[in-house]
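The values are calculated or read from the model by the stated rules, or taken from the named source; none is laboratory data. Note that the structure is predicted; figures quoted are calculated from it, not measured. Cβ: placed from backbone, ideal geometry, glycine included. Neighbour counts: every protein chain shown. Ligands, DNA and RNA are stripped out before the accessible areas are found, and what is left, the full protein with its side chains, is counted by its heavy atoms. Shrake-Rupley method; radii C 1.70, N 1.55, O 1.52, S 1.80 Å.
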Amino acid sequence: MCYAIPGNVKSISDNLITIDYFGEERTARNDFYALQVGDYVYAQGGFVVQKIGKKLAEEILDSWKELFFELKETDTRLSKLHHDKTTISKGFLKIISKATYGGSISREEAVRLLLSEDLDELEVLHKSANFIRQKFLGNACCVHGIVEFSNNCMCQCAYCGINRSNINLTRYRLTPKQIRDIVGNAVERFGFKGIVLQSGEDPSYSSKEILNLIKMIMEHYPVFLFLSVGEREDAFYLRAFEAGARAVLFRFETSDDALYAKLHPHSSLKERMRYLKLLKNIGYLIATGSLIGLPQQNVETIIDDFLLAKELGADMYSFGPFIPHPGTPLSGYKAPDVGSILKALSVLRLIDPYGKILVTTALESLYPKAKRQALLCGANSVMLNLTPTNFAALYDIYPSRARGDISLEDQVTEAQLLLRSIGRAPTDLGL
Ligand code: SAH
C-alpha cells in the first residue's frame, strides 16, 4: 500500500530539485540526500523525504500510471464551476469571480461571504472553493499520521479537556520506544510519509528527550516530521530543526488579544506570535490556525484569524470547530454547526488559493461525513490518528473524538476509498 508517488529527479540546483511525475514537474527541497539527475525520490510537504531504488520506483509507478490520470479526471469532473443559480446578487458573484481568477479578496468581501445564509450563494461558494483548490493546487492530498504521545499538560487553556486543572483525567505518556514502534508501523506497514508528533505541554518530557526522539525517528524512517508540542525554549526549536523536523503544527487559537488572554491565563497572544515568527524564521513549514465557534467570536474575528494565518505565511491552515468539554470552564457553551465550519473553510480557500487546508478531526467529530464535504469545498489535507486506541481515548481535548476508536487499518482503507472516490491522489507532490 502506497501513500505517495515516486518522482524522477530532472534537475538539481543547490538544494532545490525538480521532480517529474508522469510529465508534471514540481520542485522540492532536498536537505537530506546525495542526489543525481535520474534518481527516484519521494517528496512530502515540499521536501525530499526518501531516495528509492530504480527498480522499486518503476514497479510502484507502474501501479500508479493509469490511476494517476483517472484520479485527475474524477477531480476535474467534480470541481466544475458551473451553476444555474440566477437569483444570486451581483455583488456576491463579483467577489467569487475575483477569487476564481486568483485575485485576493478584501477583509470586507470575506466578511460578506461568511455572513451569507442564502443556500444558493452557499452552493456557489463551496463549488468555487473546490474549483480554486483544483485550479491552483491540483488533486494532491496530504495524508499525515498523528501520534498523540502525552496528555500531560501544564497549560490552562479554558476550552481544552487535557488542561492541567482537569483532575478527573487519567494521564499518560508514551515512551520513546513506544512512539518509535508506532511510527515504524505507520511507515513500514502503511507507507506513511508524514508524521506529526503531538502532546500537551508536558515538562516531564524534557526537550533533550524529544530531540533524541526526533533523531531516532529520522535515523530509522524516511519521514516528513511535524512537531506539535507547544511552547518550549527557542533553542529547542533550533535543535529540532537541525535534527530533521521540518514543520510545526502550532495554532494561535484566536487572533483576538482580549479573548486570547481570557482563554489562556498562562500565556499571551504576543508570545504565541513571537513563537510563530521564530519558527518561520528557523525554516519550519507552518501549520497554524484557530478555533471556530469560541464564545465571543464573531464573523469579523474569524476572518481576522484567517488573515492573520495568511500573514504569518502559513503553509497549511488548521481551523476547526471548538467543541465544549464538560470538564472545562467552557462546558456550558455550544459547538458551532457543521455548515458554518464548511462555509468558513470555503471562504478561507478564497482568501488563499495556495495554502493547504486541513480537515480537522474536530470537524469530523461533529459529523463524520464532513471530511468528504470539506475536501469538496477547498480542503486538501487529512490526518489519520496513529495513537493506539486505548491512549487516544485519554487524549481527551474534547469529547467524542472521531478516529480515536478506529484501527489504523480501517482508517487507512476508509481514507483511500474516500480519496479515490473524489479523485484525489493520496500523496503530496511537493510545491
Ligand atoms: N500543546 C500543543 C498541542 C495542543 S492540543 C500546542 O500548544 O500547540 C492541539 C489543539 O487542540 C490545540 O491547538 C487546540 O486548538 C485544539 N483543542 C483543544 N481543545 C479543543 C476543543 N475543546 N475543541 C476543539 N479543539 C480543541
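Structure values in brief
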read-out: By accessible area with a 1.4 Å probe, ligands and nucleic acids excluded, highest first: order of Y333, Y354; value: Y354, Y333
read-out: Neighbourhood charge, 12 Å Cβ-Cβ cut-off, centred on D14 and excluding it, Lys, Arg +1 and Asp, Glu -1; value: 0
read-out: Vicinal HN-Hα couplings computed from phi for the range 298-307 (Karplus, 6.51 cos²θ - 1.76 cosθ + 1.60; Hz; Gly/Pro x); value: 9, 4, 4, 5, 5, 5, 4, 4, 4, 5
read-out: Potential lengthening between L211 and K85 on full extension [0.36 nm per residue; Cα-Cα distance subtracted]; value: 39.9 nm
read-out: Fully extended contour minus Cα-Cα distance, from L119 to S97, at 0.36 nm per residue; value: 6.1 nm
read-out: Förster radius 30 Å - calculated FRET efficiency between L35 and K135 (Cβ-Cβ, nearest 0.05); value: 0.45
read-out: Within straight-line cross-link reach of K85, lysines at Cα separation under 24 Å, skipping those fewer than 8 residues along the same chain; value: K94, K98, K127, K135, K343
read-out: Taking all pairs of distinct alpha-carbon atoms in the chain, Kirkwood radius in angstrom; value: 22.1 Å
read-out: Partner lysines for K208 [C-alpha distance under 21 Å; skip if fewer than 8 residues away on the same chain]; value: K177
read-out: Probe 1.4 Å, all protein chains present, accessible-area order of H266, H325, largest first; value: H266, H325
read-out: Volume of the Cα convex hull of the range 7-76, divided per residue and given in Å³; value: 84 Å³
read-out: Estimated vicinal HN-Hα couplings, Hz - the range 335-342 in sequence order (Karplus 6.51, -1.76, 1.60; Gly, Pro = x); value: 6, x, 7, 4, x, 5, 6, 4
read-out: Cut-off under 5 Å, modelled amide H: who pairs with D39 long-range; value: V9
read-out: ³J(HN,Hα) computed for each position of the range 262-272 - Karplus, 6.51 cos²θ - 1.76 cosθ + 1.60, integer Hz, glycine/proline x; value: 5, 7, 10, x, 8, 8, 9, 4, 4, 5, 4
read-out: Per residue, in Å², the accessible surface of the chain once ligands and nucleic acids are set aside, probe 1.4 Å; value: 41 Å²
read-out: For Y172, net neighbour charge (Lys/Arg +1, Asp/Glu -1) across residues whose Cβ lies under 12 Å away; value: -1
read-out: Given charges at Cβ of Lys, Arg, Asp, Glu: the range 136-421 dipole, positive-most of L197, L408, S318; value: L408
read-out: Cα lying deepest toward the dipole's positive end in the chain, options P329, G46, S106, charges on Cβ; value: S106
